[in-house]
Each structure stands twice: as structure tokens, then as C-alpha cells.
Amino acid sequence: MKTIVSTIIAVLFCSFANAQTSTKILGTVQDGQGKGINAVSVSLLKAKDSSLAKMAVTDKSGQYEFVNVKEGKYFLAFSSVGFAKQISKAIEVSTNNVVAVPAVTLAEISKELTGVTVQSSKPLVETKIEKMIVNVDASPTNAGATAMDVLEKSPGVTVDKDGNLSLKGKQGVIVLIDGKPSYLGGQDLANLLKNMPANQLDQIEIMTQPSAKYDASGNSGIINLRTKKSKTVGLNGSFNLSFIQAVYPKSPNSFNFNYRKGNINFFSNLSYSYWEGFNDLELNRVNNDTVLKQKSTPHFYGKNYSARMGVDYSVNKTTILGIVLNGTYNPRNSEVNSNTNTYDQFGQFVSSNSAASKSIDPWKNFGGNLNFRKVLSKTGEEISADFDYVRYISRSDQTSNNYNFSANGSPKGNPYLLKGLIKQDIAIYSGKIDYSLPLKNEAKLEAGLKSSLVSTDNDSPYDSLNYSTMQWVRDPRSDHFKYDENINAAYINYSKQFQKWGIQTGLRLEHTHSVGTQILLEKEITKDLVQLFPSAYISYKMNDKNQFALSYGRRIERPNYQDLNPFQRMLDQFTYQQGNPYLTPQFSRNIELSHNYRGALNTTLNYTTTTDIINDVIRQKMVEDKKVTFQTKENLAKRRNIGLAVSLNMPITKWWTTSFYVNAYNNHYEGMIGTRPLNVDLTSFMMNTSQQFKFAKTWSAEVSGFYRSKSQDAGMIVAEPMGVVSFGASKQILKGKGTLRLNVSDPFYIQKFRGYTVFDDINLHVNNSWDNRCVGLSFTYRFSKGQNAQPQRRRTGSAQDEQNRVGGNQQQ
């Protein structure tokens, strides 16, 4: 490991003398009075095709500079809020030459900047060769919606009944927020996304083939949620008020504030949400001579308070220091009433079980990030660092009361009464350093190091009532599990453009050391793993209309921390979930071939193989005279995925824009479940569409929806077809500063989950519906006082993986 680190550091700081040239373009931008204009965006465009070569921003005196410019002809484009855009005459650049451009004067189009809000119309979906971008505000049906709602109708993304995300039919998605880990996984990640108002989001970036710079986790890729950031100097921000009425009310609200002046940039986001809903669940199980019909009606409600604030301080023109603090307080409660009827093989009613469970969980999270960025040369050479600390605290007060009855309705035995204060503490420490060096001839070298330390403590002291003594005693379900994990990583990435060809190749090394301890059993599970993760990317621009790309990547998916925790999460006395401390990571290899036509039509063919898949498994065992069904996770299969995805995003007329996405894929699972072979092959497809309409200057409307055919979920569960249709409209008010949005989601109430598992001695059918038919009304107001400035940095924190693996026990 030391040898590898030493080699990378040596590569990072070698001189690369041949990378430097003296070719420059410099000039000044001024207003009508001859004063230099600060923060003007200057684009260097190639004369042959008007493509972007470089970008610069003027300083306080209005000066700008381009260095290491290749020989050729160029244009300069100047733009700034409050001024008319301007394009220069052609500029001839030769090697080792300094081109001094005459001063450019921009004409003012608005003398009063106070309260001016500049808005641009973006397409709902932008398709690029390396990623797909969803512009959240472009859809009126996102009014009052949550981040989870937006993801569910995003191209290629699927959300299962438990809130787990898949991409192009493949599980294992890493979710980042502004390039920074969300620090959550499992149901706690689902809870975060359900409580995050969509109006906080600017864009959603979907990357199925990330480079070596990113953590290797995420079999199917990365979803990056970019929050709204201001580009203006001075005071600006927005607030959003929303109300949603379904069977139960919901209200996600947020306030964004930014102040930028001189060397200081302060930003903050505050949000408050109230969420209440239900989840009707039916489970029908057929055993050899017994039929169990179970119906559960979870009712959950809670509030979510979150705050994020930070400061960027520009020490000088080349050095920026920053700090970000965030916290969440989520007092959440759930009540589950469950009834299970048992019938014999002839359909005669035998017995029943009635269970009432409650959970009160004041879930808390807080964290901090220190960051640093230093530009080392005018060529763009830079070094950056991030240090993160994140803490999660949960104290779930749970009770579960189970009553058994005979066929005639008389009590059968003593009730099974269970209670427990389930404690969860997770601490994450992470640090990383990244180095970037532009080379000559449009080449670039990147390298970096990262280390993270995660410590989890899960104590589940269940007590049950002993009827012989009428005392509460420790129940056999109790467990105490600790898990410590250290991951060290190093990467190097190289990219270069050869006229119409582009290449990018990288290699990432990750070493994982973990220790899991079952304290009550005095058992310790230690794992050590060193793996290499190569990636490669080749692009070819045939002409202005056609571009091709071929990519390869190897990735890893580690178990969520809660999936490793062996304690039981009960639905009733005979149905529960349980973690598995013996889980190992799963690995995937992915090849993608893409074609993009005129930036509007994108076609992608992928081939993916995954080994040691972490599957949801349904198992049964005898407890006294009853068969108990439980769900756990195991490494039990390999999967081959072949898929073809096509997306189209284009205007039909001036008032009608269409967005259409379809993905057909085949999943083949092969492995062993216990002593029985698993061999499942199923071809599925999914599609979503959005039709947007504009009326006059201030009205817009949208019809959107998605459909998913029958699909294989994690090898064992077959999900039946599911779809939804939604409608929305928006109106600009208050001279463009305000927006009213109305959204009607799933008015026909067709979005329901139905699935089944028939394997070995398991015959299980599931029907699930939830509180998703609703009407939402949203009001957004934007305020701004200032002028355009350089875009704010989007912090990329050091914990690229760990945040996505924190699991939870919230039932939603």
C-alpha cells in the first residue's frame, strides 16, 4: 500500500515541464463609462464549429486571460446580467504568441438591478454522452412533490415498494447531494428523499458509468442531486410553501438564502415538512397444508426539520476555504395493525393472530465538512481537500402486542407482549485529497487519496412478558451488534482529446478492513479485501449531429450497515425482517455503447455481469407449531443484464415539447438458495414520458407518466406491471418573481405494487398500496439583488460511499 501511495504522490507533483506554453489571449471588458465590469463570463469559441474551447471570468478591474491556447482561429463571447451579449471578430492565434484583444464595451440593458430575476427555459431532460440531466423546475407536476417523487419518474430510475432505487433494471445506486454523499442507505435514505422538497433541487444527474475519481460503490451507477445555487453577488434566495392533500395531508416547505460579497459567500437552506400516510399490505402465504392471509395497515406520521449552512472564504484569487454544517431532526411515529388468518388445506378457518405495533423514533443527524481548494497555476492545475464528520442517532421506542385466537374466537394461549428501546449510533469520519493537472494538447491528469472510518453500535434489548412470574424478561430476539470499517483508496485518471476522438482511462484501488461483533454471542467476523477498479471511456464525434461513446467499468456494492445487523424487525409474531452479518460485497462489470443524435436522441446498449448479488430472500422456519416467515439478505446468485435504452427530448412545436424514454432489458439470475438451484430469466421494459405545453408567456402545463412491465426483483420476487399518470400546471406571477403550481398525482389510483414468490417451499403473494393519489398546490417566491458572478463551488465531500450505507428501520 505504501508503495502505491508513494508512486501516486510522485506522479502528482512531478514537474510536467512540457505542459507549459506561453500562448495567451488577454483583454478587458468595460461599461459605457469606461469602468471595468466584474464577473463577466467570457467564452473562447472555435471558429470552425463554434464549440467551446475555454471559459474565463473577469476580475474586479474587468480583465480576463486565457493561457495555453492552441493555434487556430477563435471568437470571444461576452455575457453578464444587465448587459447585452456581444461576440468579437475572429482572432488568429499562433504558437508562443500573446494576443491583446482591444477593450470590449458592453451596453447596459437594465440600469436597475434590484429585484431582477433572470429566468431561462430549460428542457425537462438533457441527454449527454456521459450522463442524463433532469431539470426539476421544468416540470409543473413537481409542484409540492418530493425528491423521491421526482426520481420515480426520472428516465431509467425505478423505486420498489420499500423505496430502494434501481437504474436500468439494476440495483445498487449511490445517491450524492451536490457531489457529496447523502450518508444514508436503505429505508433511511428513502425517508430522506421523501422529506426533501423537490423545489430544493435544480438538477438530477444520472451517471451509469462514473470515472475512477468517484467511489467504486454503486453497481448500476450514481445519481447526483444538485441543489439550487445562486450565481449573483449580493442578497438572493427563495422560499416555497406547499400543501398536498391525499387521504392524509402533507406539507413540504423550504427557504433558501444566499449572501455573497467580497471574499465571503454565505449560503443556507432550511426546510420543514409534515408527512402523514398509510401503507396497506396484504400477504398471502401457502404452505404444504396451511394458508395464511395477512393484512397490515401501517399508519405513519412525522415531522422533518433540516438545516444546512456554510461559508466559502476566498483567501486570495487562488485559494478558497469552506465549512458546511448540516443537521436533521426527524421525530417519526408509526402504528401497525396486523391481522393473520390461518386456514387448513380444505379452506376451513383454523386460527387467527392479531398484532398491534408502535414505534416512536426521534431520529437525529448532524455533520460538518471542512474543505480547501488551491489553484496552483494559471493552466488550471489545482489541489483540493475535504474532511467530513457525520453522526446518526436513533432511539426507537417499540412495542408489539400479539394475540392468538382459536376458530371460535376464544383466546389461544397467553398474548405475546414485546417491548424494546432500540438504540442506533453511527459515526463516520472521512477525508480525501484530489489533484488535477491540465496537460498540453487538451489532456488532463487527475489523482487522489481517500480514507474513511465508520463505527456503528446497534443495541436491541427486547423484553417480553413472562406470565409465570408476571415479570418482563430479556427476550431471545435481543441482540447487540457492533461494526467497524476502514476503507482506504487511491485513484489516477487520465483524459485526452484527439480532434474528433476522446479517451479517458482510470484505475482505483480500494482496501477494506472490517470487524463485526455479535456481543451477546461473543462472536467476531473479520474481513480484509483489496480490489482494483479499472474504467475506460472512448468517444468519437463523427460530425455535429452524431457522437458515439464506448465505456467499461468495474464496480462494487457493499452491504448497508443495517443489512449486516442481525437483529429482528417485527411485523407480527410470525413475520419479521432480519439482517445478515456474513454478507459480502457484490461486484459488477459493465460495458456501454452509446450514440447521440443532435443532442436530442440518445441510444445506449449495455451488457452487465454481477457476482455475489445481495438478494432479498424469503425463508420459513418452525417456531413451536407455527411456520414463521422472515425476510433476510444473502449472497446467492450471479446476474447477467442486457439492455437497450432510447431517449428522445425535443420540441414538437413552439408550444409543445416532448420527452420520451424507453428501456428494454433482460435479467438472468443463476445461483443457489439453500440446496435448490435458482435459474430465472425474464425480459422487461419500462418507459416514461412527459408532454409539456406553454400558453402565452406565463402559463405552462404537463401530462406525465410511467409504466413498468413485469420484472424480476432481486432474483426471487416477480413484480407485476405498474404505472401512473399525473397532470400539472404552473403560472408565473408577481412579474416573474413568483410561481404557482398545481399538481394532480395518480388521479386514477393505479400505482400499486403486486408481486409474488413461488420457489421451493415458499408460495407468497404481495399486494401493496399507499397514499399516493393526491392534489398538491405550491407557491414559490424568488428574490434577488445583485449581479451575475462566478458559479459557486459545489462541494464534493470526502465520504463518497459511506453515507449511502446507513440503513434504518422506518416503515413507510
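The values are calculated or read from the model by the stated rules, or taken from the named source; none is laboratory data. Source: prediction; values computed, not measured. Every residue, glycine among them, receives a Cβ derived from its backbone with ideal geometry; neighbour counts consider all protein chains shown. Each accessible area value is taken on the protein alone, full model and side chains, heavy atoms only, with ligands, DNA and RNA left out. Shrake-Rupley method; radii C 1.70, N 1.55, O 1.52, S 1.80 Å.
As a summary of the residue check, residue 391 satisfies the conditions (1) at pLDDT 90 or above; (2) open to solvent by 50 Å² or more (accessible area, probe 1.4 Å); (3) farther than 30 Å from residue 530 by Cα except for the one numbered (3).
Among all positions in region 320-334, there is at least one residue which is open to solvent by less than 50 Å² (accessible area, probe 1.4 Å), closer than 24 Å to residue 196 by Cα and among the charged types (D, E, K, R).
Residue-wise test of (1) buried (at least 16 other Cβ atoms within 10 Å of the Cβ); (2) touching a helix residue (DSSP H, G or I) at 6+ places or on another chain (Cβ under 6 Å); (3) of a type outside the set (Phe, Trp, Tyr); (4) modelled with pLDDT of 85 or more.
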| site | (1), (2), (3), (4) |
| --- | --- |
| 621 | no, no, yes, no |
| 624 | no, no, yes, no |
| 632 | yes, no, yes, no |
| 661 | yes, no, no, yes |
| 667 | yes, no, yes, yes |
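For region 42-66, the tally of residues that are open to solvent by 20 Å² or more (accessible area, probe 1.4 Å) and either in contact with a Pro (Cβ under 7 Å, 6 or more places away or on another chain) or touching a residue at least 12 places away in the same chain (Cβ under 8 Å) (or both) stands at 16. Here residue 638 qualifies as assigned to a strand (DSSP E or B) and in contact (Cβ under 8 Å) with a residue 24 or more places away in the chain.
So for region 512-535 (the condition being in contact with a Ser or Thr (Cβ under 7 Å, 6 or more places away or on another chain) and within 13 Å of residue 212 (Cβ to Cβ)), does at least one residue qualify? Checked region 512-535: at least one residue is in contact with a Ser or Thr (Cβ under 7 Å, 6 or more places away or on another chain) and within 13 Å of residue 212 (Cβ to Cβ).
Going through (1) at pLDDT 95 or above; (2) loosely packed, with under 15 Cβ neighbours inside 10 Å one by one, residue 447 falls short only on (2). Residue count for region 481-497 satisfying the condition of being of a type in the set (A, V, I, L, M, F, W, C) and more than 16 Å from residue 507 (Cβ to Cβ): 2. When region 216-244 is limited to residues that are in contact with a Gly (Cβ under 7 Å, 6 or more places away or on another chain) and closer than 19 Å to residue 554 by Cβ, the one that is modelled with the lowest pLDDT turns out to be 219. Against the numbered list (1) of a type outside the set (A, V, I, L, M); (2) outside any strand (DSSP E or B); (3) open to solvent by 40 Å² or more (accessible area, probe 1.4 Å), residue 736 comes up short only at (3).
Rundown of residues vs (1) more than 34 Å from the chain's Cα centre (by Cα); (2) closer than 26 Å to residue 370 by Cβ, yes/no style:
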site	(1), (2)
400	no, no
408	yes, no
436	no, yes
447	no, yes
456	no, yes
465	yes, no
471	yes, no
487	no, yes
502	no, no
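Among all residue pairs at least 6 apart or on different chains, which show Cβ distances below 7 Å where the first residue, located in region 92-106, is surrounded by fewer than 16 Cβ atoms within 10 Å (Cβ to Cβ) and the second is part of a strand (DSSP E or B) and at pLDDT below 85? Pairs that qualify, where the first residue is surrounded by fewer than 16 Cβ atoms within 10 Å (Cβ to Cβ) and the partner is part of a strand (DSSP E or B) and at pLDDT below 85, are 98/24.
Within region 669-704, the only residue that satisfies the criterion of being basic (Lys, Arg) and either surrounded by 13 or more Cβ atoms within 10 Å (Cβ to Cβ) or in contact with a Gly (Cβ under 8 Å, 6 or more places away or on another chain) (or both) is 694. When region 282-310 is filtered for residues that are of a type in the set (A, V, I, L, M, F, W, C) and open to solvent by 50 Å² or more (accessible area, probe 1.4 Å), the ones remaining, listed by number, are 286, 309. Within region 406-433, track down each residue that is of a type in the set (Gly, Ala, Ser) and in a loop (DSSP other than H, G, I, E, B). Of everything in region 406-433, those that are of a type in the set (Gly, Ala, Ser) and in a loop (DSSP other than H, G, I, E, B) turn out to be 407, 409, 410, 413.
Number of residues in region 465-484 that are touching a residue at least 60 places away in the same chain (Cβ under 8 Å), in a strand (DSSP E or B) and either open to solvent by 60 Å² or more (accessible area, probe 1.4 Å) or not hydroxyl-bearing (Ser, Thr, Tyr) (or both) equals 2. Listed by first and then second residue, the pairs with beta-carbon distance under 6 Å, at least 6 apart or on different chains, first residue in region 490-518 and within 28 Å of residue 584 (Cβ to Cβ), second among the hydroxyl-bearing types (Ser, Thr, Tyr) and surrounded by 19 or more Cβ atoms within 10 Å (Cβ to Cβ), are 493/211; 506/211; 506/535; 508/491; 516/483.
Note down all Cβ pairs under 7 Å where the first residue falls in region 564-576 and is modelled with pLDDT of 75 or more, the second is open to solvent by less than 20 Å² (accessible area, probe 1.4 Å) and among the acidic types (Asp, Glu), and they're at least six residues apart or on different chains. As it stands, the answer is 566/479; 567/479, since those pairs meet every condition given. Across region 552-607, the qualifying residues are those that are within 23 Å of residue 521 (Cβ to Cβ) and among the aromatic types (Phe, Trp, Tyr), and the one among them that is most open to solvent (accessible area, probe 1.4 Å) is 582. Taken residue by residue, region 439-456 has at least one member that is in contact with a helix residue (DSSP H, G or I) (Cβ under 6 Å, 6 or more places away or on another chain), closer than 30 Å to residue 211 by Cα, in contact (Cβ under 8 Å) with a residue 24 or more places away in the chain and among the charged types (D, E, K, R). In region 685-698, the residues that are free of Cβ contacts under 8 Å to residues at least 12 places away in the same chain and under 23 Å from residue 722 (Cα atoms) form no Cβ pair under 9 Å with any partner that is open to solvent by less than 50 Å² (accessible area, probe 1.4 Å) and of a type in the set (Ser, Thr, Tyr), whether six or more places apart or across chains.
Does at least one position in region 522-530 carry a residue that is over 30 Å from residue 595 (Cα atoms), in a loop (DSSP other than H, G, I, E, B) and open to solvent by less than 40 Å² (accessible area, probe 1.4 Å)? No, the conditions are met nowhere in region 522-530. Taken over region 739-752, the criterion of being part of a strand (DSSP E or B) and surrounded by fewer than 18 Cβ atoms within 10 Å (Cβ to Cβ) is satisfied by 740, 744.
Counting only strands (runs of 3 or more DSSP E) that sit completely within region 60-100, those holding 2 or more residues that are within 10 Å of residue 27 (Cβ to Cβ) and not small (Gly, Ala, Ser) correspond to 63-67, 72-79.
Checked against the criteria, residue 133 counts as open to solvent by less than 50 Å² (accessible area, probe 1.4 Å), modelled with pLDDT of 70 or more, under 24 Å from residue 208 (Cβ atoms) and outside any helix (DSSP H, G or I).
Assessment of region 257-265 against the conditions (part of a strand (DSSP E or B), among the aliphatic types (A, V, I, L, M) and modelled with pLDDT under 85) yields no matching residue.
Residues that are crowded, with 21+ Cβ neighbours inside 10 Å and in contact (Cβ under 8 Å) with a residue 24 or more places away in the chain are absent from region 408-415. Counting only residues that are surrounded by fewer than 15 Cβ atoms within 10 Å (Cβ to Cβ) and of a type in the set (Asp, Glu), region 342-374 holds 1 of them.
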